[in-house]
Amino acid sequence: MPEPTIQVRINQALYKLPQGTSLADAIAQVEISPPFAAAVNLQFVPRAQYPEHLLQNGDQIELISPITGG
């Protein structure tokens, strides 16, 4: 029997992940170097909450790196 999965978008790319995946687990799927901020469904998630923030099917995740310059 296949493991239940969810589909989420990370920076507009579709990912199929196991049900019960945390935000920290999802971030590990993409190549992004700190510093960055994360938002799920347009809501900022503090870095300390990444491991316990469980994702739901259809969540939209944005990982935003700061841009320097002017």
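Based on this model, can you work out whether Ala38 counts as surrounded by 14 or more Cβ atoms within 10 Å (Cβ to Cβ) and assigned to a strand (DSSP E or B)? Here the answer is yes, as Ala38 does meet what is asked. Quick check on segment 41-70: of everything there that is assigned to a loop (DSSP other than H, G, I, E, B) and free of Cβ contacts under 8 Å to residues at least 12 places away in the same chain, which residue is nearest to Pro4 (Cα to Cα)? Among those residues, the one meeting the criterion is Pro46. Would you call Pro2 assigned to a loop (DSSP other than H, G, I, E, B), touching a residue at least 24 places away in the same chain (Cβ under 8 Å) and exposed (fewer than 13 other Cβ atoms within 10 Å of the Cβ)? Against the criterion (assigned to a loop (DSSP other than H, G, I, E, B), touching a residue at least 24 places away in the same chain (Cβ under 8 Å) and exposed (fewer than 13 other Cβ atoms within 10 Å of the Cβ)), Pro2 does not qualify. Counting the residues of segment 5-29 that are part of a loop (DSSP other than H, G, I, E, B) and either modelled with pLDDT under 95 or surrounded by 14 or more Cβ atoms within 10 Å (Cβ to Cβ) (or both) gives 2. Scan segment 42-67 for residues that are out of contact with any Ser or Thr (no Cβ under 9 Å at 6 or more places or on another chain) and surrounded by 15 or more Cβ atoms within 10 Å (Cβ to Cβ) and the total you get is 5. Flag set for Ile32, criterion: assigned to a loop (DSSP other than H, G, I, E, B), without any contact (Cβ under 8 Å) to a residue 60 or more places away in the chain and surrounded by 13 or more Cβ atoms within 10 Å (Cβ to Cβ).
The values are calculated or read from the model by the stated rules, or taken from the named source; none is laboratory data. What you see is a predicted model; the values in this text were computed from it and never measured. Here Cβ is always computed from backbone atoms with ideal geometry, including for glycine, and neighbour counts include all displayed protein chains.
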